[in-house]
1. Would you mind computing Rg(Cα) / (2.2 N^0.38 Å) for region 177-241, counting N as its residues?
2. In Å², and per residue, what accessible area does region 112-241 have when probed at 1.4 Å with the other protein chains present?
3. Helix-derived [θ] at 222 nm for the chain: sum -39500 (n - 2.57) over DSSP H runs of at least 4, divide by residue count, nearest 500?
4. Where q = 0.10, 0.12, 0.13, 0.18 Å⁻¹, what log10 of I(q)/I(0) comes from the Debye formula for region 112-241, counting one point per Cα?
5. Given the C-alpha centroids of region 83-101 and region 102-143, what is the distance between them in whole angstrom?
6. In the chain, with Lys and Arg counted as +1 and Asp and Glu as -1 at Cβ, which of these residues, Gly119, Ala203, Asn186, has the Cα nearest the positive end of the dipole, that is, farthest along it?
7. Relative contact order of region 105-196: what whole-number percent is it, with Cα pairs under 8 angstrom and at least 6 residues apart?
8. Take the Cβ-Cβ distance between Glu59 and Thr161 as r, set R0 to 51 Å, and report the resulting FRET efficiency rounded to the nearest 0.05.
Amino acid sequence: MKKYFNGGMALLLGAIMLSSCLKQKDETGDGPKTGIAIINAALDSEPLTLLLDGQGLNEQGIVFGAAGGTPADAYLAARPGVRATAWQSGSVIPAEQKFLHWKAGGYYTLIHFDTALNGQSPWMIVEDKPEPVDTIAKARFINCVAGMDSISIWLVNPEDTVQLAQRQPYIGRTGSASESFGVKVNPGNWRYEMFSANGSLLAEGNLDLTGRGLYSFIATGETGGVGVKAPGILFLAHQVK
């Protein structure tokens, strides 16, 4: 049976539909999110932008040795669901994209590593398992130093010493990276010291860790590299909303 609508009913229906669309748009902005941390550890790469459904998630391209987000939180908030996902290297618009499912309430770390060739580099998606604890800090280490070296890293202060990693190999050799922040550290001021397999000091620095804090120590560069390619630490903080 056909249904007929007079002009008044059509206008009313249109108003209801418009209201519904506007409400849905508002709820999308305030609704579930997924958190994505983007790390550029690929030697010789152009600045990287993650495109979701053709729109850049990060406002500025991420250069080698850097990450997206802010010093307080490396995760960038994105709308969850199945999204057309692609990478833009420099100003070159990509032709290839993949449909990936980003879970609501999920957290991910995307790592570009090795060396960029023709605007492309290997990359890895890690589905993080962040589980903050109010009274302690938690940390992980990911070795993105290209080459055959394995790396150890220690956290030290006058009261304690914590081994964050012991001779951890390059992720290009293992094909995996830590999804959990598995090393517990007391809040406070710490000094990190990173060593090669033969015991040479590669990098060091000071930092503050807080309770409920989640931190990534990302080793970048290449074995024997100098200048911007020298092994170093990219230190990231993460927040769970």
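The values are calculated or read from the model by the stated rules, or taken from the named source; none is laboratory data. From a predicted model like this one, the values you see are computed outputs, not experimental measurements. Quick reminder, even Gly has a Cβ in these numbers, built from the backbone with ideal geometry, and neighbours come from all protein chains shown. To get the accessible areas, we keep the full protein, side chains included, count just its heavy atoms, and leave off ligands, DNA and RNA. Shrake-Rupley method; radii C 1.70, N 1.55, O 1.52, S 1.80 Å.
1. This ratio for region 177-241 stands at 1.24.
2. Accessible area per residue, region 112-241: 48 Å².
3. One gets -3500 deg cm²/dmol as the mean residue ellipticity at 222 nm.
4. So the normalised log intensities work out to -0.32, -0.45, -0.53, -0.99.
5. After rounding, the separation between the Cα centres reads 18 Å.
6. The Cα lying farthest towards the positive end belongs to Gly119.
7. Working: 163 pairs, mean separation 28.5, N = 92.
Over region 105-196, the number comes to 31 percent.
8. The computed FRET efficiency comes out at 0.80.
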